[in-house]
């Protein structure tokens, strides 16, 4: 047994050496013999009927493979939830860049011209581009009323609070679309064999999502579809559902041509055609008493889902549940809605609805503070959820969380009080104004409610004859440390050296479905299953008398060898079982929404330069309670990276829309922060443990996305005493708010 | 080899240059991008295409000792040059101090920016063996990372600088 | 990558004369490409009209810096890194050294050239406001010989320039008489590095006892070409810097520019920031601080 603990130590990243030497294999690094390259012909109109398709002159069309909707043998759909999104448009198009047909050729250099040479004529139909247009029902573009999904949460008796209120505070808050901007574009390779079926290799988060989609599309049985994840260069949700689409395209070309086919998007195609974070609008109306306590409120939350349902219902769900944040609402009504527009469907992006609703809430708390005459700190302290109280969905807080203490710690670390006083004085005469802002929030880890039960994730751990142990999961690595942490967990559970544990490549022929790599569930939920499965290996060997309860790695190896000799392969399987005392009512949207919440307070120090109207961040403090830190370097890296994306979301990243199409689909014009733009990000952890997570861990991947936007805007308002309620907040917006005579423009994602 | 000066149709030509210390000769069209020649003809896939516009730096290589974005270099202009890619940094099993530091400090998460980032850091440390944090920021400002928020990358570069000073 | 490399010719004649002969033999038929940081972006986007290119990268005649008693002569093929690393440029032409330091990242500075910046003629080009205030002169060269023109007359309109179809920019000449001036430059972009400017200012000034003796102010990204604010300069020369002058200067500066709405920013913002930068310059001049 190893005396030293592995969990809690920053062990080497499992695939790190390959990454730093340039040997890691991403999908575009792989070629197969006889491989063709594929490309997609996409709609140039936002909504319409396809009238004619013509293949123009100057191209040797007989050399190309051409695939249309007609070539689909199964269902022309990307199977996900509502199954309303076609793989290839057939007759109707509902958004710009919607895929219509596919081309392939051995020479990748010939594809761009060929794509240009396909001319498509449309009968255009009136299109809807904004939430307001969609809500007006002047055009019905989806279903009966342009509505993908609604949720309604009711707690207490909200209609009775208004007359009791000393203050009624209203506010409207907007967030724009955000591009995930993984540095590796989407890509996929497919190969088809009539006996073996379809195999795809790609950049992806969820092998079994792709597997399910290809079964439906190609009308193939489960054992005739194989999905293999390659090294994936960033994902952030942008490769949760979208890979099913590009896998479908490569598969169709591979089937038709009988050759392997590779499709790799270039940056512009990836930006304009794939998913983005849902734009949102939140309306708060809150009844508050003179002591600043929330008596109750109504929250109306709306997201723009784009042209097809995809994951909007789930994004909406998370946004709804997080809309009340880390506070106690004795009475609340939350009405949430996901609606359709003729834009490329919006999709998963780290945070998944929570950054949107928490932005609104944390801005609104500062507004409430202002109206009541309390500080940003005091208003929060008076309303924080305490152990024993219930959330907006009536989930009882069962852990000894003390948000006041986390807030105090964050204020101390950021020198908040002293700075706020100093800035107030200096701002009187300076041409740069400085301010401090806070955000307090929580993030639920794992799938919502009955989600984990419905997933029924399965995990395997395998003992090998040479004493090595292999972890078998479909959970994928894309930088966040899946491989490293799951191996740490198995090694710790078995008392073996970390070096003796490996993890199988995420290949649906080799690994069970441990659920998608999303929702901050991998370490907490899947990790706990890995822990159990690893213990299962030990129990089997001990029960067979092949080793004692305490053993060395050599004894373990000998026991495995004996086990293999008598029984053949040696695997321990575990399936997720929901805790008995966790209840969720899907109809009333009430109950235990998440098995665990992580809690956080972030503090931003912001300078607004009045010469250029730019806001920049001088210091950023992030304090979070995360159950247990299993790998300090990885955990800190997750928080810092998430905050950087949050800073981009707030101050830099704007999608410029025109008629439903992104106009700034290049890195030159879609601005993410460089190394020269980010402040020191100071990360601090607290650990309260978590009975539902491996070694007490909670999910943390998405948490850091929730705090930056409201903390920064709260600080910017503190600096210049102007209300900003919309992100992204660009210098042009700050200028208009300070100097212009018009209202700041609504969030860029809306129109 | 200067290529044909007549205005006939383009033709491929043989070009030679050194890559990671080895002389290579390739038959290429002069306007093929150096990035594509490295990745396809020479199968050195460490350099990546992240944007094709010279913004992300994931295609960075060293060309005669200078950090360049290989997606913006026509291969003809690399004739006779001395090129170093990420594959050329490690000496067999022995990793370069930057590679070691990236591993220790968490400088690589998804890894796609890592080859370019390490070469940019290598380029910086050659010129500034003991850089300040501002100099590190500036030296890496042409390499975008979406995963790390740069913090642990800066720390890795500073750590590599320290190790270099001590060796 | 949206272009087909087999559709393109690229030749690399050995030496400037060979390049000029090629350009003369087929005027307008060959597009010169130096470091490629603009041309290759267009090419990868499938938006490069030219099919025949001639490489002028690393030609010794173009990539040199000569320091003479009265002027320095910068070869058009010098990269931004060459400019940053040259002692005389750093010391005497800080506006240009600074502009070179904020053009792209290190990798693009190692390949982008001053000549390329001039000939690509983006209104947002980083180095051009500095050339305007330093009153640069360009030496243009062809098989017919060379001619020297003031840079301020070179760009005549958006992407239009006084350059014959067989000519190259060979040298940028800067008179060595500005070391005594206060130098101020600032770029306002979407982020701190690798940004195309929304507004950019380069300015020089001399001020004695609070009275302006000599002032040159140039702005980029606020007109089809980078411009000198000649009316504003005239207005402020010989006057003491006080708050009234700042107000007048702001107004005059804004009146001289024609900013537009585009994908990066809008005209109202650009106007306001341009005015602020003019004022900030005059305040620095008044305080006697160098701001670069």
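Just so you know, all these numbers are worked out from the coordinates, no wet-lab data involved. Here the structure is a predicted model, which means the values were calculated and not measured. Glycine gets a Cβ as well: all are built from the backbone with ideal geometry, and neighbour counts include every protein chain shown.
Quick rundown of the values:
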item	result
Pairwise Cα inverse-distance average, inverted: Kirkwood Rh of the protein assembly as shown (Å)	31.7
Length released on extending from residue A:421 to residue A:60, taking residue separation times 0.36 nm less the Cα-Cα span	122.7 nm
Sum of -39500 (n - 2.57) over DSSP H runs of 4+, divided by residues of the protein assembly as shown (222 nm, nearest 500)	-8500 deg cm²/dmol
Rounded tilt (10° steps) of C:16-25 against the dominant C-alpha axis of chain C	70
Cα centroid separation - the range C:173-211 against the range A:101-139, whole Å	46
Cβ-based exposure ranking for A:167, A:278, in which fewest neighbours within 10 Å come first	A:167, A:278
Rel. contact order, % - alpha carbon contacts under 8 angstrom, at least six apart, the range A:270-356	40
Helix C:243-256 vs. chain C, principal-axis angle (Cα, 0 to 90°, nearest 10)	30
For chain B: rounded, prolate or oblate by the Cα gyration tensor [a/c cutoff 1.5]	prolate
Relative contact order [Cα under 8 Å, 6+ residues apart], the range B:13-88, whole percent	39
Computed Kirkwood radius, in angstrom, where 1/r is averaged over Cα pairs of the range A:1-52	17.2
Chain A: relative contact order in percent, alpha carbon pairs under 8 Å with at least 6 residues between	16
Cα→Cβ-extended label distance, 7 Å offset, between residue A:542 and residue B:18, nm	6.1
Computed FRET value (nearest 0.05) for residue C:287 with residue A:289, which takes r as the C-beta separation and R₀ as 51 Å	0.45
For A:457, A:257, order by how many other beta-carbon atoms lie within 10 Å, fewest first	A:257, A:457
GNM result for chain C, Cα springs below 10 Å: residue of C:173, C:207, C:78 fluctuating most strongly	C:207
Added length on full extension, which subtracts the Cα-Cα distance from 0.36 nm per residue, residue A:585 to residue A:552	7.1 nm
Label-point separation, residue B:11 to residue C:147 (7 Å along Cα→Cβ), nm	3.8
Cα shape, the range A:329-376, gyration tensor, a/c 1.5 rule	prolate
Projected-area mean, the range C:63-118, by convex hull of Cα positions, square nanometres	3.4
Zone of residue A:398's modelled label, taken as backbone nitrogen in the range A:439-483 under 15 Å from a point 7 Å along Cα→Cβ	A:445, A:449-450
DSSP bridge orientation in the protein assembly as shown - percent antiparallel, rounded to nearest 5	80
Helix axis angle, B:151-166 relative to chain B longest principal axis, alpha carbon, degrees	90
Between the range A:301-334 and the range A:377-452, the alpha-carbon center distance in angstrom	20
Spacing of the two label points (7 Å from each Cα toward its C-beta) at residue A:389 and residue A:370, in nm	2.4
Full-stretch length increase - residue C:58, residue C:158 - with 0.36 nm per residue and alpha-carbon distance subtracted	33.2 nm
Cβ-Cβ FRET estimate between residue A:167 and residue C:251, R0 fixed at 41 Å, reported to 0.05	0.40
R0 of 45 Å, Cβ-Cβ distance residue A:567-residue B:163: FRET efficiency to nearest 0.05	0.40
Counting all C-alpha pairs of the range A:264-325, share separated by more than 14 Å (%)	67
Residue order, fewest to most surrounding Cβ atoms within 10 angstrom, among A:404, A:653	A:404, A:653
